Ligand code: SAM
């Protein structure tokens, strides 16, 4: 059975897509996508030999070698332009996902949806999308086995009615806190619109991490440590206001 995390990603794949799943590991997502009809064809890309072999095996066992092509290569190198409508990249850091998109930008022509699940560094990925004319159309945050995951769904600006200016317009949320672009990139423009309990848990955990950093900074008397500590303190205050 597909994990809750991968199911959330699967649900965002429009029916009948040609899917490319980059960093596919066991190719669980492409197999499930073809099984469910979300994808009519799929490519599973893997750079590392172990996961690549696992993907080949999984696709063989599922009997889908005709419709799922397992390819070994770095990021979007495994694709030809125009081959996929939807690209999924899940289970890596946001900066790695952004680097993969950046290096393969020529392969994104014709792609009409990106579904991305960064493990950390969501803000870096949102920034990349924002500055490369991809509009975040939806976001999800969920918890599974004690871990919190975010799923970002983006479409090319020319294909959506939404604009990044609308999505990231600075706004005051219900409790009267003003969210600027910086905080929207960090917390997520959609996640802050309808914060669920998992969103609260994530940011409570972030506060704990920040407090931990503050403790170690307090043992240093360097000016830079003092400045950094003040910055973190004001971030904590802000997050507490939001929660
Ligand atoms: N996408 C699957 C998921 O979400 O369950 C697997 C996630 S696994 C933690 C990350 C996978 O990405 C690993 O199998 C790794 O080999 C692969 N990977 C890392 N960098 C990559 C790159 N530049 N190109 C393709 N695959 C990559």
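Hey, among the residues in the range 154-180 that are in contact with a strand residue (DSSP E or B) (Cβ under 7 Å, 6 or more places away or on another chain) and under 18 Å from residue 111 (Cβ atoms), which one's surrounded by the fewest Cβ atoms within 10 Å (Cβ to Cβ)?
That would be 162.
Counting only residues that are more than 14 Å from the ligand (Cβ to nearest atom) and either in a loop (DSSP other than H, G, I, E, B) or not assigned by TED's automatic domain parsing to the domain that holds residue 29 (or both), which one in the range 98-120 is surrounded by the fewest Cβ atoms within 10 Å (Cβ to Cβ)?
Ranking the qualifying residues of the range 98-120, first place goes to 109.
In the set 39, 55, 33, 44, which member is more than 14 Å from the ligand (Cβ to nearest atom) and assigned by TED's automatic domain parsing to the domain that holds residue 140?
Just one listed residue meets the conditions, 39.
Is the range 59-70 home to any residue that is assigned by TED's automatic domain parsing to the domain that holds residue 98, exposed (fewer than 15 other Cβ atoms within 10 Å of the Cβ) and assigned to a strand (DSSP E or B)?
no
Within the range 10-21, work out how many residues are buried (at least 20 other Cβ atoms within 10 Å of the Cβ) and either at pLDDT below 95 or part of a helix (DSSP H, G or I) (or both).
Total meeting the criteria: 1.
In the range 27-40, how many are part of a loop (DSSP other than H, G, I, E, B) and touching a strand residue (DSSP E or B) at 6+ places or on another chain (Cβ under 9 Å)?
So the count comes out to 2.
Yes or no: residue 127 over 11 Å from the mean Cα position of the chain (by Cα), at pLDDT 95 or above, part of a helix (DSSP H, G or I) and more than 14 Å from the ligand (Cβ to nearest atom)?
yes
Can you name the residue in the range 68-77 that is over 23 Å from residue 123 (Cβ atoms) and in contact with a helix residue (DSSP H, G or I) (Cβ under 7 Å, 6 or more places away or on another chain) and, of all such residues, is farthest from the ligand (Cβ to nearest atom)?
Filtering first and then ranking leaves 68.
Restricting the search to the range 41-58, which residues are surrounded by fewer than 20 Cβ atoms within 10 Å (Cβ to Cβ) and not in a loop (DSSP other than H, G, I, E, B)?
Hits for the range 41-58 are 49, 50, 51, 53, 54, 56, 57.
Taking the options 206, 138, name whichever one is at pLDDT 95 or above, surrounded by 12 or more Cβ atoms within 10 Å (Cβ to Cβ) and assigned to a strand (DSSP E or B).
After ruling out the rest, the residue left standing is 138.
Only one of 80, 7, 24, 95 is within 12 Å of the ligand (Cβ to nearest atom) and part of a loop (DSSP other than H, G, I, E, B); which?
24
The values are calculated or read from the model by the stated rules, or taken from the named source; none is laboratory data. All values reported here derive from a predicted model rather than from experimental measurement. Backbone-built Cβ (ideal geometry, glycine too); neighbour counts: all protein chains shown.
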